[in-house]
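A.B. asks: Encoded as structure tokens, here's the structure I'll be asking about.
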Amino acid sequence: MNTLEVIGRKRDGGEHSPDEIEFLLSGYLRGDIPDYQMAAWLMAICIRGMTRAETLALTRAMVASGEVLDLSAIEGIKVDKHSTGGVGDKVTLIAAPLAAACGVKVPKLSGRALAHTGGTLDKLESVPGLTVDLEPERFIRQVREVGIAVAAQSPHMVPADKLLYALRDVTATVPSMPLIASSVMSKKIAAGADAIVLDVKFGRGAFMSDLASAIDLASEMVQIGEGAGRRTVALVTAMDNPLGRSVGNALEVQEALNTLAGKGDEELLQVSLVVAREMCWLAEVNSDPDDALRSGAGLDTFLRMLAAQGGRVGEGLPVAPVQLTVPSSAGGYVESIDALEVGLVGLELGVGRKKKEDRVDHAAGIVIEAPVGARVEAGAPLAVIHARSEELAQSVVRRLTKAWRLGANEVKRPPHVLARVDKDGVSKAD
Ligand code: URA
């Protein structure tokens, strides 16, 4: 087989055989196919798409590129959760401990920041001492003892995704339905849980721009999961505005702690509870995540998880040396906050990576002072920028301010969870 011929077939809108997909992936993994050729193929997929058969073949080839975790030593139905990525999306840090506090076993393998969206691993690593590199024995022991572990997938699991994920992140080839579906589902299948809750985001800050394509992606992933013998439910949720009040690594861990302590943003809490309830339902656990929130059991489980992974929350989370308040130039009601712009400003500040080898700044980010629906006066704060230098903070003020749209009329926050997809089909929220 010839690499140029295979790339050319996708460029021209043709369909790959499973063998061609396997040829490209294994060649890339061995180092025989260089980044630039793989990047050209990824871009061709972004533009031309893939059939369901191709997406399935790509998912299978990704799973087969590495090891599959054996979780049989953990009793009960194990439930994993995954988001397709958003801005300010710290739902995992809230929903997963709540579900675990209800008795669900949550072995969760997470990813890093991707393009303008945050990554759970980068967030967790902002806790001093915390490691996300857990050997399988330690990971399994922690799930048995604490009910939850959140770790990086081992380099031996789905190595093809690890390489592709990093390459896509820096070649503008993230927003593609088959690439997202195969990336997410290959990891979920290899991670070994019995059931999976997916949070498929759409809108300005997500990789899917509209509800219809998010439902398509959700349906595709549910089919792949069920086809691999994993009960799979997907929630389709809005990501036009950042979720909650903060965007950043340490800032989002702090917000998750606050939310679990009952002092969080209402929308963030509600979507986290919906996700946690789905996790309980799939695990056939009858306890209610609301009770775990009220009793403090969810917070306790999160703190025990952080400690089990070496985290020393008591030492405090990293704080940026510069905190610059961004005032509103006019008065009005906040109609929307452009999540993509906020995510891109976050990227400028160092919340994510612009190049593969960049290091994230754990303290950097944005705290939203005027959320959607709030009334602001001219001169009142819209947000606070957390940055490593005054110069960097000043350089993003204009861009950040432009993310806010103000209007004269009162604003009702739009619904957040728009649809639910399972093997029986799609149900839409009213
Ligand atoms: N999350 C993933 O794991 N992969 C993607 O491609 C996008 C979001």
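A.B. asks: On average, how much area does the Cα convex hull of segment 322-407 cover when viewed from any direction, in nm²? Mind showing how you got there, number by number?
C.D. replies: Values: hull surface 20.6 nm².
Taking the Cα atoms of segment 322-407, their convex hull projects to 5.1 nm² on average.
A.B. asks: Quick check on my link table: of 356/402; 10/78; 355/402, which ones sit more than 32 Å apart, alpha carbon to alpha carbon?
C.D. replies: Values: 356/402 28 Å; 10/78 38 Å; 355/402 26 Å.
Going by Cα-Cα distance, 10/78 fall outside the 32 Å limit.
A.B. asks: Then there is this: Choose one of 183, 43, 62: the residue whose Cα lies farthest towards the positive end of the charge dipole of the chain (beta-carbon charges +1 Lys, Arg; -1 Asp, Glu; about the Cα centre).
C.D. replies: 43
A.B. asks: OK, next. Which Cα, out of 248, 262, 292, lies furthest along the positive dipole direction of segment 164-292 (beta carbon charges, K/R +1, D/E -1)?
C.D. replies: Of the listed residues, the answer is 248.
A.B. asks: For residue 354, go through the lysines and keep the ones whose alpha-carbon is under 19 Å away, minus same-chain ones fewer than eight residues off.
C.D. replies: Cross-link targets: 123, 162.
A.B. asks: Here's something else I'd like to know. Between segment 289-315 and segment 82-146, what is the separation of their alpha carbon centroids in Å?
C.D. replies: That distance is 12 Å.
A.B. asks: I've got another one for you. Hey, could you get me the Stokes-Einstein D for segment 34-78, Kirkwood radius over alpha-carbon pairs, 37 °C and 0.692 mPa s, rounded to whole µm² s⁻¹? Display every interim value, and only then the final one.
C.D. replies: Numbers: Rh = 13.3 Å.
The Stokes-Einstein estimate is 247 µm²/s.
A.B. asks: So, with +1 on the Cβ of K and R and -1 on the Cβ of D and E, and no other charges, what is the size of the charge dipole of segment 3-49 about its Cα centre, to the nearest 20 debye?
C.D. replies: On the way: 5 positive and 8 negative charges, 37 e Å.
Using only the charged Cβ atoms, the result is roughly 180 debye.
A.B. asks: Could you give the size of the charge dipole of the chain about its Cα centre, using +1 on the Cβ of each K and R and -1 on the Cβ of each D and E, expressed in debye and rounded to the nearest 20? Before the final figure, lay out each step's value.
C.D. replies: Values: 47 positive and 56 negative charges, 61 e Å.
Using Cβ point charges on Lys, Arg, Asp and Glu, the chain gives about 300 debye.
A.B. asks: Under a straight-distance cross-link criterion of Cα-Cα below 19 Å, which aspartates and glutamates are reachable from residue 423, leaving out those fewer than 8 residues away in the same chain?
C.D. replies: Excluding near neighbours in sequence, the set is 80, 194, 199, 216, 220, 226, 278, 284.
A.B. asks: Given the convex hull over the Cα atoms of segment 3-49, what projected area results after averaging over all orientations, in nm²? If you can, show how the numbers build up before the last one.
C.D. replies: On the way: hull surface 11.3 nm².
Directional mean of the projected Cα hull area for segment 3-49 stands at 2.8 nm².
A.B. asks: Something else: Defining a contact as two alpha carbons under 8 Å apart and six or more residues distant in sequence, what relative contact order in percent does the chain show?
C.D. replies: Details: 965 pairs, mean separation 85.1, N = 430.
RCO, the chain: 20 percent.
A.B. asks: Rank-order 175-184, 199-208 by packing density, defined as the average count of other C-beta atoms within 10 Å over each peptide's residues, highest first.
C.D. replies: Working: 175-184: 23.3, 199-208: 25.8.
Going by the mean number of other Cβ atoms within 10 Å, highest first, we get 199-208, 175-184.
A.B. asks: For segment 322-407, what does the relative contact order come out to in percent, with C-alpha contacts under 8 Å and a separation of six or more? Each step should come with its number before you reach the end.
C.D. replies: Working: 172 pairs, mean separation 41.3, N = 86.
This gives 48 percent for segment 322-407.
A.B. asks: So how far, in whole Å, is the C-alpha centre of segment 216-276 from the one of segment 320-360?
C.D. replies: 20 Å
A.B. asks: Which of 81, 356, 188 moves most in a GNM of the chain, Cα contacts under 10 Å?
C.D. replies: 356
A.B. asks: Dimensions of segment 191-234 along principal axes (Cα, Å, largest first)?
C.D. replies: 32, 15, 12
A.B. asks: Sticking with this structure for a sec: Which order do the peptides 114-120, 189-195 come out in when sorted by mean C-beta neighbours inside 10 angstrom, highest first?
C.D. replies: Values: 114-120: 25.4, 189-195: 22.9.
Highest to lowest by the protection proxy: 114-120, 189-195.
A.B. asks: Same structure again: Suppose we look only past 42 Å in the calculated P(r) of the chain. What percent of the Cα-Cα pairs does that tail hold? Intermediate results must be reported in sequence, preceding the final value.
C.D. replies: On the way: 9989 of 92235 pairs.
Roughly 11 percent, once rounded to a whole number.
A.B. asks: Explain nothing, just the number: relative contact order of segment 3-49, from Cα pairs under 8 Å at least 6 residues apart, as a whole percent. Kindly include the intermediate steps, with their values, before the conclusion.
C.D. replies: Working: 27 pairs, mean separation 23.1, N = 47.
Averaging sequence separation for qualifying contacts and normalising by length gives 49 percent for segment 3-49.
Rule-based calculations on the coordinates, nothing more; no lab input. Just so it is clear, the structure is predicted and the values come from calculations on it, not from any experiment. Neighbour counts are summed over all protein chains in view; Cβ atoms, including those assigned to glycine, are modelled from backbone coordinates with ideal geometry.
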